[in-house]
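The next block holds one structure in the form of structure tokens; read it before the comments.
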Amino acid sequence: MLDELLQPVRSHTPRILETEPGFPEAAVLVPITRSDDPELVLTLRASGLSTHGGEVAFPGGRRDPEDRDLIHTALREAQEEVGLPPGLVEIVGPLSPLVSRYGIRVTPIVGVIPDFVEYQPNDAEISAVFSVPLEFFRKDPREVTHRIDYQGRNWYVPSYRYGEFRIWGLTAIMIVELVNLLYDAKIHLHEPPASFTKLA
């Protein structure tokens, strides 16, 4: 069931993002639990961090010179941040890279993990590890829409509220691409939703 659901990711060709040679790179792991009701595993970053402190994100970080590739980066960072053993992750494939507001090219790597993992968050980096059913995002229950100018285009980025957690920004863009691939959800990032109100 899950393998069939994930087939569009396996055959997906991510958008090409032209960046200059030597541009700083990072990767995040987009972990999906292997279960009848698959969930996305997310983290709340520690508030004291210099970048994205107090924000919801996928586990990940900058590529080290020793990393073989970006998959290695995503797996290494997930192990460092939340104690997820790389051997438990079945890599599915990449989503489209994005450039963060700190000027780092971030590549999301989708992976399948067991539905129960004992996470060991690194307190210096991670305040919480939590999971959200994929079905939650399929319905696009956005709390608000942020319009941002990015790569010369207008992006209408959803902000989701799940319990105490606010999921927005780059993480929300990655989730929208994933949900559109898996469910053909037709969530548009370049057109304002019907609920969007332009501020004067």
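The single condition from (1) in a loop (DSSP other than H, G, I, E, B); (2) within 16 Å of the chain's Cα centre (by Cα); (3) among the polar types (S, T, N, Q) that SER195 fails is (2). Specify the residue that is modelled with the lowest pLDDT; the eligible residues are those in region 182-194 that are of a type outside the set (Asp, Glu) and over 14 Å from LYS139 (Cα atoms). Looking at the filtered set, the residue picked out is ALA194. Where strands (runs of 3 or more DSSP E) fall entirely within region 121-186, those with at least 3 residues that are touching a residue at least 60 places away in the same chain (Cβ under 8 Å) and over 24 Å from GLU18 (Cβ atoms) are at 126-133, 165-167. Residues in region 77-87 that are assigned to a helix (DSSP H, G or I) and in contact (Cβ under 8 Å) with a residue 12 or more places away in the chain: GLU77, ALA78, GLU80, GLU81, VAL82.
This table checks each residue for (1) more than 13 Å from the chain's Cα centre (by Cα); (2) surrounded by 18 or more Cβ atoms within 10 Å (Cβ to Cβ); (3) under 25 Å from MET1 (Cα atoms).
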{"residue": "PRO114", "(1), (2), (3)": "yes, no, yes"}
{"residue": "ASP123", "(1), (2), (3)": "yes, no, no"}
{"residue": "VAL129", "(1), (2), (3)": "yes, yes, no"}
{"residue": "PRO133", "(1), (2), (3)": "yes, no, yes"}
{"residue": "PHE137", "(1), (2), (3)": "no, yes, yes"}
{"residue": "ILE148", "(1), (2), (3)": "yes, no, no"}
{"residue": "ALA172", "(1), (2), (3)": "no, yes, yes"}
{"residue": "VAL179", "(1), (2), (3)": "no, yes, yes"}
{"residue": "LYS186", "(1), (2), (3)": "yes, no, yes"}
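Name the residues in region 96-110 that are within 11 Å of the chain's Cα centre (by Cα) and closer than 17 Å to TRP155 by Cβ, would you? The answer is SER96, PRO97, LEU98, VAL106, PRO108. Among strands (runs of 3 or more DSSP E) entirely within region 1-76, having at least 1 residues that are crowded, with 19+ Cβ neighbours inside 10 Å and in contact with a Phe, Trp or Tyr (Cβ under 7 Å, 6 or more places away or on another chain) singles out 25-34, 39-45.
Among the residues of region 176-185, some residue qualifies, meaning at least one is farther than 21 Å from ILE109 by Cβ and not small (Gly, Ala, Ser).
For every residue, the table says whether it meets (1) of a type outside the set (A, V, I, L, M); (2) at pLDDT below 95; (3) farther than 16 Å from LEU170 by Cβ.
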{"residue": "THR13", "(1), (2), (3)": "yes, yes, yes"}
{"residue": "THR19", "(1), (2), (3)": "yes, yes, no"}
{"residue": "GLY22", "(1), (2), (3)": "yes, yes, yes"}
{"residue": "ALA27", "(1), (2), (3)": "no, no, no"}
{"residue": "VAL30", "(1), (2), (3)": "no, no, no"}
{"residue": "PRO38", "(1), (2), (3)": "yes, no, yes"}
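Anything in region 55-107 that is over 19 Å from ILE175 (Cβ atoms) and of a type in the set (Asp, Glu)? List them, or say none. Listed by number, the residues that qualify are ASP64, GLU66, ASP67, ASP69, GLU80, GLU90. Would you confirm whether any residue within region 84-101 is among the polar types (S, T, N, Q), at pLDDT 95 or above and crowded, with 18+ Cβ neighbours inside 10 Å? The answer is no, given that none of the residues of region 84-101 is among the polar types (S, T, N, Q), at pLDDT 95 or above and crowded, with 18+ Cβ neighbours inside 10 Å.
The values are calculated or read from the model by the stated rules, or taken from the named source; none is laboratory data. Predicted model only: the values in this text are computed from it and were never measured. Every residue, glycine as well, gets a Cβ built from its backbone with ideal geometry; the counts of neighbours run over all protein chains shown.
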